[in-house]
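Accompanying notes for the structure given below.
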Amino acid sequence: MKYQIKQANELTDKEIEHILQLWDISVWNTMKPSYFRTFFKDSEFHLLLDSHSEILAVIRLNFDFMLEISGQQYGFAEAVGLVSGHRKKGYGALLVQYFKENVTQRNMETIGFCHADLRPFYEKCNIEILYDKAKAIKENEGSEWINSEDDDILIFNISQKEKEQLSILSTQNNAYLITKE
């Protein structure tokens, strides 16, 4: 097995098709490779490959992610889209391990999110979890701010100061997802 990192423009058409198939998000299923490369231009893709360079697992690192907490803006790299092509083989867990080592070596402020039912997986991977803190993140939906659908914040690599900011999030102390126009 091989761990590899690629920018969106470095992915082959076949790799893009495979990633979209693994993600299985209906609105993206018909996305063309050229549009994929543009749509995910602010991302890099962490891949676990078999000996034939077939993708066993993928995680996307989104660099276009910012939270505003108490009037202060914090930029993070966001880990999203973790999926393995084969369940219960350990490929997802192995990729998470490589991924965490990589963002730690690069000293990249990196967080992710998960639903409560995925806690056991991330606990098994030794990823620090801020339980029930993602619900305090508000996302702009049209003209109103709504709570995030995720439950937890996953800590891959962040400073103590930022971890403290995230750990005090609550219904009275929200974070706001800032999107670029």
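Work out the charge dipole of the stretch 1-110 with +1 on the Cβ of Lys and Arg and -1 on the Cβ of Asp and Glu about the Cα centre, then indicate which of Phe39, Ala77, Ala93 is farthest towards its positive end.
Ala93
For the stretch 61-131, state which trypsin sites (Lys or Arg not before Pro) are in a DSSP loop and have at most 15 other beta carbons lying within 10 Å of their beta carbon.
Arg87, Lys88, Lys89, Arg106
Given charges of +1 on the Cβ of Lys and Arg and -1 on the Cβ of Asp and Glu, with all other atoms neutral, how large is the dipole of the stretch 118-181 about its Cα centre, in debye to the nearest 20?
Using Cβ point charges on Lys, Arg, Asp and Glu, the stretch 118-181 gives about 240 debye.
Which cross-chain or sequence-distant (5 or more) residues have an amide H under 5 Å from the amide H of Ser43, H modelled 1.01 Å from N in plane?
Those qualifying (amide H under 5 Å, at least 5 residues apart or on another chain) are Ala8, Phe63.
What ratio of Cα Rg to 2.2 N^0.38 Å holds for the stretch 117-181?
1.19
Placing one identical point scatterer on every Cα of the stretch 39-137 and ignoring solvent, what is log10 I(q)/I(0) from the Debye formula at q = 0.10, 0.21 Å⁻¹?
Log-scaled intensity ratios, in q order: -0.30, -1.23.
What does the charge dipole of the stretch 61-114 about its Cα centre add up to, to the nearest 20 debye, if the Cβ of each Lys and Arg holds +1 and the Cβ of each Asp and Glu holds -1?
In debye, rounded to 20, the stretch 61-114 gives about 460.
Please give the charge dipole size of the stretch 9-129, origin at the Cα centre, charges +1 on K and R Cβ atoms and -1 on D and E Cβ atoms. Round to the nearest 20 debye.
Charge dipole of the stretch 9-129: 280 debye, to the nearest 20.
What whole number of Å gives the distance from the Cα centroid of the stretch 91-162 to the Cα centroid of the stretch 13-52?
Going from one Cα centre to the other spans 21 Å.
Rounded to the nearest angstrom and ordered from largest down, what semi-axes does the equivalent ellipsoid of the chain get from its C-alpha gyration tensor (root of 5λ)?
In descending order the semi-axes read 27, 19, 15 Å.
Quick one: 3J(HN,Hα) in Hz for the stretch 49-60, Karplus 6.51/-1.76/1.60 with θ = phi - 60°, rounded, Gly and Pro as x.
Calculated HN-Hα couplings, in order: 10, 7, 5, 9, 6, 7, 6, 8, 7, 9, 9, 9 Hz.
Given contacts defined as C-alpha pairs under 8 Å and at least six residues apart, what's the relative contact order of the chain, whole-number percent?
19
What FRET efficiency would be calculated for the residue pair Arg119, Ser143, taking the C-beta separation as r and a Förster radius of 30 Å, to the nearest 0.05?
Efficiency, from the Cβ-Cβ distance: 0.35.
Beyond 20 Å, what share of the Cα-Cα pairs of the stretch 1-71 is found? Please give it as a whole percent.
Tail of the P(r) past 20 Å holds 31 percent of the pairs.
Cross-link list Lys2/Lys89; Lys6/Lys124; Lys138/Lys163; Lys89/Lys124; Lys100/Lys124: which exceed 24 angstrom alpha carbon to alpha carbon?
Too far apart for the 24 Å limit: Lys6/Lys124.
Output the antiparallel fraction of DSSP beta bridges having both residues in the stretch 10-113, as a percent to the nearest 5.
85
Need one number: % antiparallel among DSSP beta bridges in the chain, to the nearest 5.
90
Taking a quarter of the surface of the convex hull around the Cα atoms of the stretch 1-42, what do you get in nm²?
If I average the Cα hull's projected area over directions, I get 3.2 nm².
Just so you know, all these numbers are worked out from the coordinates, no wet-lab data involved. This is a predicted model, so every value here is computed, not measured. Heads up, the Cβs are rebuilt from the backbone with ideal geometry, glycines too, and the neighbour counts pull from every protein chain shown.
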